[in-house]
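Chemist: The structure's right below; bear with me while I get my questions together.
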Amino acid sequence: MGWQSILFIVAGLVITIDHLTKLLVEAWLPLNTTWAPFPALGDYFRLTHTSNTGAAFGLFPGGSPVFAAVAVGVALFILVYNYRLEAGHTLLRVALGLQLGGAMGNLIDRLRLGHVTDFFDFGPWPVFNVADLAVVTGVVLLGFLMFREQREEQKERNERPGAPN
């Protein structure tokens, strides 16, 4: 198994979990209805079946065709980058796999339904799904990796003889 396969394993897991959870919500919770599985926490967490034609977390409604095209472009970029990336970089491939899986999970919905099914409802935040969560987690992990790399490069510069502090 090559290093490139890490991305596909992560993306495949995200797509599978995302699709299964959406199918469950679509089958058991009518559109625009809410269910609080833990009534005592109903103000903080509930499942609300919504349709979203915008981006993650309901931003920019009505943009399904644009976001479908963006998802395809992002997917192609990630795939090419994954094969050009040297061996290793496991966490980077995980971050990219999360982003690819999330983008493809929502693209599947856009092609299948014309909108994305959202259902996680945490109080004041917009309703979202597993794919949205994967994309955001992948971006946060990518940001962390970039921050860590920048700090390591700065540390190396500071440790060189004659380097300015």
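The values are calculated or read from the model by the stated rules, or taken from the named source; none is laboratory data. The structure displayed is predicted, hence computed values, not measured ones. Because the Cβ atoms are built from the backbone with ideal geometry, glycine has one as well, and the counts that use them run over all protein chains shown. Side chains are part of the model used for accessible areas, which takes the heavy atoms of the whole protein and leaves out ligands, DNA and RNA. Shrake-Rupley method; radii C 1.70, N 1.55, O 1.52, S 1.80 Å.
Chemist: Can you tell me, using C-alpha contacts under 8 Å and at least 6 residues apart, the relative contact order of the chain as a whole percent?
Modeler: For the chain, the relative contact order is 30 percent.
Chemist: Once you order the gyration tensor axes a ≥ b ≥ c over the Cα atoms, which shape class does the range 73-165 get: rounded for a/c under 1.5, otherwise prolate or oblate by comparing a/b with b/c?
Modeler: Cα axes put the range 73-165 in the oblate bin.
Chemist: Here's a follow-up. Run lengths n ≥ 4 of DSSP H only: what is the helix-derived mean residue ellipticity at 222 nm for the chain, with -39500 (n - 2.57) per run over all residues, to the nearest 500?
Modeler: Mean residue ellipticity at 222 nm (helix-derived): -21000 deg cm²/dmol.
Chemist: Of all the accessible heavy-atom surface of the chain, with the other protein chains kept in place and a 1.4 Å probe, what percent is carbon and sulfur?
Modeler: With neighbouring chains kept in place, the figure for the chain is 70 percent.
Chemist: Give me the dipole magnitude in Debye, nearest 20, for the range 113-165 about the Cα centre, with unit charges on the beta carbon: positive for Lys and Arg, negative for Asp and Glu.
Modeler: Roughly 300 debye, rounded to the nearest 20.
Chemist: By average Cβ neighbour count within 10 Å, what is the ranking of 150-158, 6-14, 99-107 from highest down?
Modeler: Peptide ranking by packing, descending: 99-107, 6-14, 150-158.
Chemist: Let me ask something else. With every protein chain kept in place and ligands, DNA and RNA left out, what is the accessible area per residue of the chain? Probe 1.4 Å, answer in Å².
Modeler: Accessible area per residue, the chain: 61 Å².
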